[in-house]
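Report on the structure given below.
The values are calculated or read from the model by the stated rules, or taken from the named source; none is laboratory data. Being a predicted model, the structure only gives us computed values, none of them experimental. Here Cβ is always computed from backbone atoms with ideal geometry, including for glycine, and neighbour counts include all displayed protein chains. Ligands, DNA and RNA are excluded from the accessible area calculation, which covers all protein heavy atoms including side chains. Shrake-Rupley method; radii C 1.70, N 1.55, O 1.52, S 1.80 Å.
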Number of protein chains: 2
Amino acid sequence: MGSDDYRFMAEAINEAKKSLKEGGIPIGAVLVEEGKVVGRGHNRLLQNNSTILHGEMDCIENAGRLKGENYQKSTLYTTLSPCTMCSGAIILYNIHRVVIGENTTLIGPEELLMENGVEVKVMGIDECREILEKYIEENPQTWESELERVGYHTD
Amino acid sequence: MGSDDYRFMAEAINEAKKSLKEGGIPIGAVLVEEGKVVGRGHNRLLQNNSTILHGEMDCIENAGRLKGENYQKSTLYTTLSPCTMCSGAIILYNIHRVVIGENTTLIGPEELLMENGVEVKVMGIDECREILEKYIEENPQTWESELERVGYHTD
(Lines give C-alpha, C1' and ligand atoms only; values in the text may rest on other atoms or scores of the structure.)
Protein backbone atom coordinates (compact mmCIF):
# COMPACT_ATOMS: atom_id res chain seq x y z
CA MET A 1 0.00 0.00 0.00
CA GLY A 2 2.77 2.41 0.97
CA SER A 3 4.78 1.74 -2.19
CA ASP A 4 1.60 2.07 -4.29
CA ASP A 5 1.10 5.51 -2.79
CA TYR A 6 4.60 6.56 -3.92
CA ARG A 7 3.98 5.10 -7.38
CA PHE A 8 0.69 6.93 -7.89
CA MET A 9 1.98 10.15 -6.36
CA ALA A 10 4.76 9.99 -8.97
CA GLU A 11 2.01 9.91 -11.62
CA ALA A 12 0.38 12.99 -10.05
CA ILE A 13 3.79 14.73 -10.11
CA ASN A 14 4.08 13.84 -13.81
CA GLU A 15 0.77 15.63 -14.34
CA ALA A 16 2.13 18.68 -12.48
CA LYS A 17 5.14 18.66 -14.81
CA LYS A 18 2.84 18.48 -17.86
CA SER A 19 1.11 21.62 -16.63
CA LEU A 20 4.47 23.36 -16.22
CA LYS A 21 5.42 22.49 -19.83
CA GLU A 22 2.14 24.04 -20.98
CA GLY A 23 2.96 27.25 -19.08
CA GLY A 24 0.57 26.37 -16.27
CA ILE A 25 0.70 26.03 -12.52
CA PRO A 26 2.38 22.73 -11.58
CA ILE A 27 -0.27 20.89 -9.61
CA GLY A 28 -1.38 17.43 -10.72
CA ALA A 29 -3.70 14.63 -9.75
CA VAL A 30 -4.63 11.06 -10.63
CA LEU A 31 -7.68 9.02 -9.69
CA VAL A 32 -6.95 5.38 -8.95
CA GLU A 33 -9.48 2.56 -8.68
CA GLU A 34 -8.23 -0.75 -7.35
CA GLY A 35 -4.64 -0.22 -8.45
CA LYS A 36 -5.49 1.26 -11.87
CA VAL A 37 -5.32 4.90 -12.94
CA VAL A 38 -8.81 5.83 -14.19
CA GLY A 39 -8.28 9.58 -14.53
CA ARG A 40 -5.45 12.06 -14.86
CA GLY A 41 -5.47 15.81 -14.72
CA HIS A 42 -3.60 18.97 -13.90
CA ASN A 43 -4.25 22.58 -13.08
CA ARG A 44 -5.48 24.35 -16.23
CA LEU A 45 -6.42 27.76 -14.82
CA LEU A 46 -3.95 29.57 -17.06
CA GLN A 47 -3.98 27.26 -20.08
CA ASN A 48 -7.79 27.20 -20.36
CA ASN A 49 -8.47 30.63 -18.86
CA SER A 50 -10.47 28.70 -16.28
CA THR A 51 -11.57 29.19 -12.70
CA ILE A 52 -12.72 25.64 -12.03
CA LEU A 53 -10.04 23.42 -13.58
CA HIS A 54 -7.83 22.79 -10.59
CA GLY A 55 -5.79 19.60 -10.91
CA GLU A 56 -8.29 17.53 -8.96
CA MET A 57 -11.30 18.86 -10.90
CA ASP A 58 -9.58 18.27 -14.24
CA CYS A 59 -8.72 14.75 -13.10
CA ILE A 60 -12.28 13.97 -11.98
CA GLU A 61 -13.62 15.40 -15.25
CA ASN A 62 -11.17 13.39 -17.34
CA ALA A 63 -12.09 10.17 -15.51
CA GLY A 64 -15.46 10.44 -17.23
CA ARG A 65 -18.88 9.61 -15.86
CA LEU A 66 -18.05 6.67 -13.57
CA LYS A 67 -20.59 4.81 -11.50
CA GLY A 68 -21.03 5.65 -7.84
CA GLU A 69 -19.52 2.32 -6.82
CA ASN A 70 -16.37 3.15 -8.81
CA TYR A 71 -15.85 6.51 -7.12
CA GLN A 72 -16.46 4.91 -3.76
CA LYS A 73 -13.57 2.48 -4.34
CA SER A 74 -11.21 5.17 -5.65
CA THR A 75 -8.31 7.11 -4.23
CA LEU A 76 -7.43 10.59 -5.46
CA TYR A 77 -3.73 11.44 -5.46
CA THR A 78 -2.96 15.15 -5.61
CA THR A 79 0.34 17.00 -5.34
CA LEU A 80 -1.23 19.80 -3.23
CA SER A 81 -3.84 19.81 -0.45
CA PRO A 82 -7.29 20.12 -2.12
CA CYS A 83 -9.07 23.47 -1.85
CA THR A 84 -12.69 23.87 -0.76
CA MET A 85 -14.07 23.39 -4.29
CA CYS A 86 -12.05 20.24 -4.95
CA SER A 87 -12.85 18.91 -1.47
CA GLY A 88 -16.52 19.47 -2.25
CA ALA A 89 -16.20 17.45 -5.45
CA ILE A 90 -14.41 14.65 -3.57
CA ILE A 91 -17.23 14.58 -0.99
CA LEU A 92 -19.95 14.76 -3.68
CA TYR A 93 -18.60 11.68 -5.44
CA ASN A 94 -17.78 9.82 -2.22
CA ILE A 95 -14.17 9.26 -3.23
CA HIS A 96 -13.13 7.32 -0.18
CA ARG A 97 -9.45 8.25 0.16
CA VAL A 98 -7.30 11.26 -0.69
CA VAL A 99 -3.51 11.13 -0.72
CA ILE A 100 -1.87 14.57 -0.60
CA GLY A 101 1.68 15.27 -1.74
CA GLU A 102 2.15 18.34 0.43
CA ASN A 103 0.06 20.80 2.41
CA THR A 104 2.58 23.48 3.38
CA THR A 105 2.39 25.75 0.32
CA LEU A 106 -1.39 25.87 0.73
CA ILE A 107 -3.72 23.83 2.90
CA GLY A 108 -7.35 23.09 2.13
CA PRO A 109 -10.16 21.98 4.45
CA GLU A 110 -8.73 18.55 5.22
CA GLU A 111 -10.89 18.30 8.35
CA LEU A 112 -14.02 18.76 6.19
CA LEU A 113 -12.93 15.76 4.13
CA MET A 114 -12.38 13.70 7.27
CA GLU A 115 -15.69 14.79 8.82
CA ASN A 116 -17.33 13.47 5.66
CA GLY A 117 -15.73 10.07 5.98
CA VAL A 118 -12.84 10.59 3.56
CA GLU A 119 -9.54 8.99 4.59
CA VAL A 120 -6.81 11.63 4.27
CA LYS A 121 -3.10 10.86 4.06
CA VAL A 122 -0.49 13.61 3.78
CA MET A 123 2.78 12.23 2.40
CA GLY A 124 4.96 15.34 2.73
CA ILE A 125 6.83 14.86 -0.54
CA ASP A 126 9.60 17.40 -1.12
CA GLU A 127 9.31 17.19 -4.91
CA CYS A 128 5.65 18.34 -4.81
CA ARG A 129 6.66 21.35 -2.72
CA GLU A 130 9.78 22.18 -4.72
CA ILE A 131 8.16 22.17 -8.15
CA LEU A 132 5.41 24.53 -6.94
CA GLU A 133 7.73 26.76 -4.89
CA LYS A 134 10.04 27.18 -7.87
CA TYR A 135 7.06 28.14 -10.02
CA ILE A 136 5.94 30.71 -7.42
CA GLU A 137 9.46 32.16 -7.20
CA GLU A 138 9.62 32.54 -10.96
CA ASN A 139 6.01 33.78 -11.37
CA PRO A 140 5.27 35.83 -8.25
CA GLN A 141 2.68 38.10 -9.88
CA THR A 142 0.70 35.24 -11.42
CA TRP A 143 0.64 33.44 -8.09
CA GLU A 144 -0.29 36.58 -6.19
CA SER A 145 -3.22 37.24 -8.53
CA GLU A 146 -4.43 33.65 -8.09
CA LEU A 147 -4.34 34.13 -4.33
CA GLU A 148 -6.13 37.48 -4.58
CA ARG A 149 -8.88 35.86 -6.65
CA VAL A 150 -9.71 33.51 -3.78
CA GLY A 151 -9.31 36.16 -1.10
CA TYR A 152 -5.92 35.20 0.32
CA HIS A 153 -3.84 38.08 1.47
CA THR A 154 -0.16 37.39 1.85
CA ASP A 155 0.87 40.88 2.97
CA MET B 1 -33.82 44.03 -3.65
CA GLY B 2 -36.74 41.58 -3.53
CA SER B 3 -37.83 42.38 -7.08
CA ASP B 4 -34.21 42.14 -8.25
CA ASP B 5 -34.11 38.62 -6.84
CA TYR B 6 -37.16 37.65 -8.92
CA ARG B 7 -35.66 39.27 -12.00
CA PHE B 8 -32.33 37.45 -11.70
CA MET B 9 -33.96 34.16 -10.73
CA ALA B 10 -35.94 34.46 -13.99
CA GLU B 11 -32.57 34.64 -15.79
CA ALA B 12 -31.42 31.48 -13.98
CA ILE B 13 -34.68 29.78 -15.04
CA ASN B 14 -33.95 30.84 -18.64
CA GLU B 15 -30.62 29.04 -18.34
CA ALA B 16 -32.41 25.92 -17.05
CA LYS B 17 -34.69 26.07 -20.11
CA LYS B 18 -31.65 26.38 -22.41
CA SER B 19 -30.30 23.15 -20.92
CA LEU B 20 -33.64 21.42 -21.51
CA LYS B 21 -33.58 22.47 -25.18
CA GLU B 22 -30.10 20.96 -25.49
CA GLY B 23 -31.37 17.67 -24.03
CA GLY B 24 -29.85 18.40 -20.65
CA ILE B 25 -30.99 18.57 -17.05
CA PRO B 26 -32.87 21.85 -16.45
CA ILE B 27 -30.87 23.57 -13.74
CA GLY B 28 -29.51 27.06 -14.35
CA ALA B 29 -27.55 29.81 -12.66
CA VAL B 30 -26.45 33.39 -13.09
CA LEU B 31 -23.78 35.38 -11.27
CA VAL B 32 -24.69 38.99 -10.58
CA GLU B 33 -22.36 41.76 -9.51
CA GLU B 34 -23.94 45.02 -8.42
CA GLY B 35 -27.09 44.57 -10.46
CA LYS B 36 -25.35 43.25 -13.59
CA VAL B 37 -25.21 39.67 -14.83
CA VAL B 38 -21.51 38.78 -15.14
CA GLY B 39 -21.89 35.05 -15.80
CA ARG B 40 -24.53 32.59 -17.00
CA GLY B 41 -24.52 28.83 -17.02
CA HIS B 42 -26.51 25.65 -16.89
CA ASN B 43 -26.08 22.02 -16.10
CA ARG B 44 -24.05 20.38 -18.88
CA LEU B 45 -23.49 16.91 -17.43
CA LEU B 46 -25.26 15.22 -20.34
CA GLN B 47 -24.44 17.67 -23.12
CA ASN B 48 -20.68 17.71 -22.37
CA ASN B 49 -20.41 14.21 -20.89
CA SER B 50 -19.19 16.02 -17.78
CA THR B 51 -19.10 15.34 -14.07
CA ILE B 52 -18.19 18.85 -12.94
CA LEU B 53 -20.37 21.16 -15.05
CA HIS B 54 -23.30 21.66 -12.74
CA GLY B 55 -25.21 24.88 -13.46
CA GLU B 56 -23.34 26.83 -10.80
CA MET B 57 -19.91 25.58 -11.93
CA ASP B 58 -20.66 26.34 -15.57
CA CYS B 59 -21.83 29.81 -14.53
CA ILE B 60 -18.70 30.50 -12.46
CA GLU B 61 -16.51 29.22 -15.31
CA ASN B 62 -18.33 31.35 -17.89
CA ALA B 63 -17.96 34.47 -15.74
CA GLY B 64 -14.24 34.26 -16.49
CA ARG B 65 -11.34 35.00 -14.22
CA LEU B 66 -12.75 37.83 -12.10
CA LYS B 67 -10.89 39.58 -9.33
CA GLY B 68 -11.45 38.56 -5.73
CA GLU B 69 -13.18 41.86 -5.01
CA ASN B 70 -15.68 41.14 -7.81
CA TYR B 71 -16.63 37.71 -6.49
CA GLN B 72 -16.94 39.16 -3.01
CA LYS B 73 -19.58 41.61 -4.24
CA SER B 74 -21.48 39.02 -6.25
CA THR B 75 -24.66 37.02 -5.77
CA LEU B 76 -25.14 33.61 -7.35
CA TYR B 77 -28.71 32.79 -8.39
CA THR B 78 -29.38 29.09 -8.92
CA THR B 79 -32.62 27.26 -9.62
CA LEU B 80 -31.66 24.36 -7.30
CA SER B 81 -29.89 24.20 -3.93
CA PRO B 82 -26.12 23.93 -4.62
CA CYS B 83 -24.46 20.56 -4.04
CA THR B 84 -21.27 20.09 -2.02
CA MET B 85 -19.00 20.72 -5.03
CA CYS B 86 -20.78 23.92 -6.05
CA SER B 87 -20.95 25.09 -2.44
CA GLY B 88 -17.20 24.54 -2.21
CA ALA B 89 -16.67 26.70 -5.30
CA ILE B 90 -18.91 29.43 -3.84
CA ILE B 91 -16.89 29.36 -0.59
CA LEU B 92 -13.55 29.28 -2.46
CA TYR B 93 -14.39 32.45 -4.37
CA ASN B 94 -16.05 34.16 -1.41
CA ILE B 95 -19.27 34.80 -3.33
CA HIS B 96 -21.10 36.61 -0.58
CA ARG B 97 -24.73 35.67 -1.30
CA VAL B 98 -26.56 32.73 -2.83
CA VAL B 99 -30.20 32.88 -3.87
CA ILE B 100 -31.79 29.45 -4.36
CA GLY B 101 -34.90 28.83 -6.45
CA GLU B 102 -35.90 25.66 -4.61
CA ASN B 103 -34.42 23.09 -2.27
CA THR B 104 -37.08 20.39 -2.14
CA THR B 105 -36.06 18.26 -5.15
CA LEU B 106 -32.54 18.10 -3.73
CA ILE B 107 -30.89 20.03 -0.93
CA GLY B 108 -27.19 20.76 -0.66
CA PRO B 109 -25.11 21.76 2.38
CA GLU B 110 -26.71 25.16 2.89
CA GLU B 111 -25.50 25.24 6.50
CA LEU B 112 -21.90 24.86 5.25
CA LEU B 113 -22.41 27.97 3.11
CA MET B 114 -23.79 29.88 6.08
CA GLU B 115 -21.02 28.70 8.41
CA ASN B 116 -18.60 30.14 5.88
CA GLY B 117 -20.24 33.54 5.91
CA VAL B 118 -22.38 33.16 2.79
CA GLU B 119 -25.83 34.72 2.96
CA VAL B 120 -28.36 32.13 1.79
CA LYS B 121 -31.88 32.93 0.63
CA VAL B 122 -34.30 30.21 -0.47
CA MET B 123 -37.08 31.68 -2.61
CA GLY B 124 -39.25 28.59 -3.03
CA ILE B 125 -40.17 29.21 -6.65
CA ASP B 126 -42.68 26.72 -8.09
CA GLU B 127 -41.38 27.11 -11.65
CA CYS B 128 -37.88 25.93 -10.61
CA ARG B 129 -39.39 22.82 -9.02
CA GLU B 130 -41.85 22.12 -11.82
CA ILE B 131 -39.36 22.28 -14.67
CA LEU B 132 -37.02 19.85 -12.89
CA GLU B 133 -39.80 17.52 -11.65
CA LYS B 134 -41.23 17.27 -15.16
CA TYR B 135 -37.77 16.38 -16.47
CA ILE B 136 -37.37 13.69 -13.79
CA GLU B 137 -40.82 12.24 -14.58
CA GLU B 138 -39.95 12.04 -18.27
CA ASN B 139 -36.36 10.80 -17.75
CA PRO B 140 -36.46 8.62 -14.64
CA GLN B 141 -33.52 6.40 -15.62
CA THR B 142 -31.23 9.31 -16.43
CA TRP B 143 -32.08 10.97 -13.13
CA GLU B 144 -31.68 7.72 -11.19
CA SER B 145 -28.23 7.15 -12.68
CA GLU B 146 -27.21 10.71 -11.78
CA LEU B 147 -28.28 10.07 -8.20
CA GLU B 148 -26.46 6.71 -8.11
CA ARG B 149 -23.29 8.42 -9.29
CA VAL B 150 -23.26 10.62 -6.19
CA GLY B 151 -24.36 7.84 -3.84
CA TYR B 152 -28.01 8.77 -3.34
CA HIS B 153 -30.31 5.84 -2.94
CA THR B 154 -33.96 6.53 -3.53
CA ASP B 155 -35.19 3.00 -2.85
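Points 7 angstrom from Cα along the Cβ direction at A:T104 and B:K36: gap in nanometres?
Going from the A:T104 label point to the B:K36 one covers 4.4 nm.
Could you work out the pair-distance distribution P(r) of chain B from its alpha-carbon pairs, with 5 angstrom bin width and percents rounded to whole numbers?
2, 10, 21, 25, 22, 13, 6, 2, 0
For the protein assembly as shown, what is the accessible area per residue in Å², given a 1.4 Å probe and the full set of protein chains?
42
Cα axis of helix A:126-138 to longest principal axis of chain A: angle in degrees, 0 to 90, nearest 10?
30
Could you work out [θ]222 nm for chain B from helices alone, using -39500 (n - 2.57) per DSSP H run of at least four and dividing by all its residues? Round to the nearest 500 deg cm²/dmol.
Only helices count here, giving -13500 deg cm²/dmol.
Identify which of B:E33, B:E15, B:E56 has the largest mean-square fluctuation in a Gaussian network model of chain B, with springs joining Cα atoms closer than 10 Å.
Looking only at B:E33, B:E15, B:E56, the biggest GNM fluctuation is shown by B:E33.
Quick query: amide H of A:S74 versus all other amide H atoms, modeled in the peptide plane; which residues come in under 5 Å with a sequence gap of 5 or more or a different chain?
A:H96
For A:K67 and A:Q47, calculate 0.36 nm times their separation in residues minus their Cα-Cα distance, and state this gained length in nm to one decimal.
4.3 nm
Comparing A:G28, A:G64, A:G117, which has the greatest mean-square fluctuation in the GNM of chain A with Cα pairs linked when under 10 Å apart?
Comparing A:G28, A:G64, A:G117 in a Gaussian network model of chain A, the most mobile one is A:G64.
For an R0 of 51 angstrom, estimate the FRET efficiency from the Cβ-Cβ distance between A:E119 and B:Q141 and round to the nearest 0.05.
With R0 = 51 Å, the Cβ-Cβ based efficiency is 0.95.
Within 10 Å of each Cβ in A:140-152, how many Cβ atoms from other chains are there, averaged over the peptide?
Per-residue shielding by partner chains comes out at 3.
May I ask for the accessible area buried between chains A and B, both sides summed, probe 1.4 Å, to the nearest 100 Å²?
Heavy-atom accessible area buried at this interface is about 3000 Å².
Counting only protein heavy atoms, probe 1.4 Å: which residues of segment A:87-105 lose 40 Å² or more of accessible surface in the full assembly compared with their chain by itself?
A:L92, A:Y93
Please determine, in degrees from 0 to 90 and to the nearest 10, the orientation of helix A:2-21 with respect to the longest principal axis defined by the Cα atoms of chain A, where the helix direction is its Cα long axis.
Tilt relative to chain A: about 40 degrees.
Taking θ = phi - 60°, what integer Hz values does the Karplus form 6.51 cos²θ - 1.76 cosθ + 1.60 yield along segment A:78-93, in sequence order, with x for Gly and Pro?
So the J values, rounded to whole Hz, are 9, 5, 10, 3, x, 6, 4, 5, 5, 5, x, 5, 4, 5, 4, 8.
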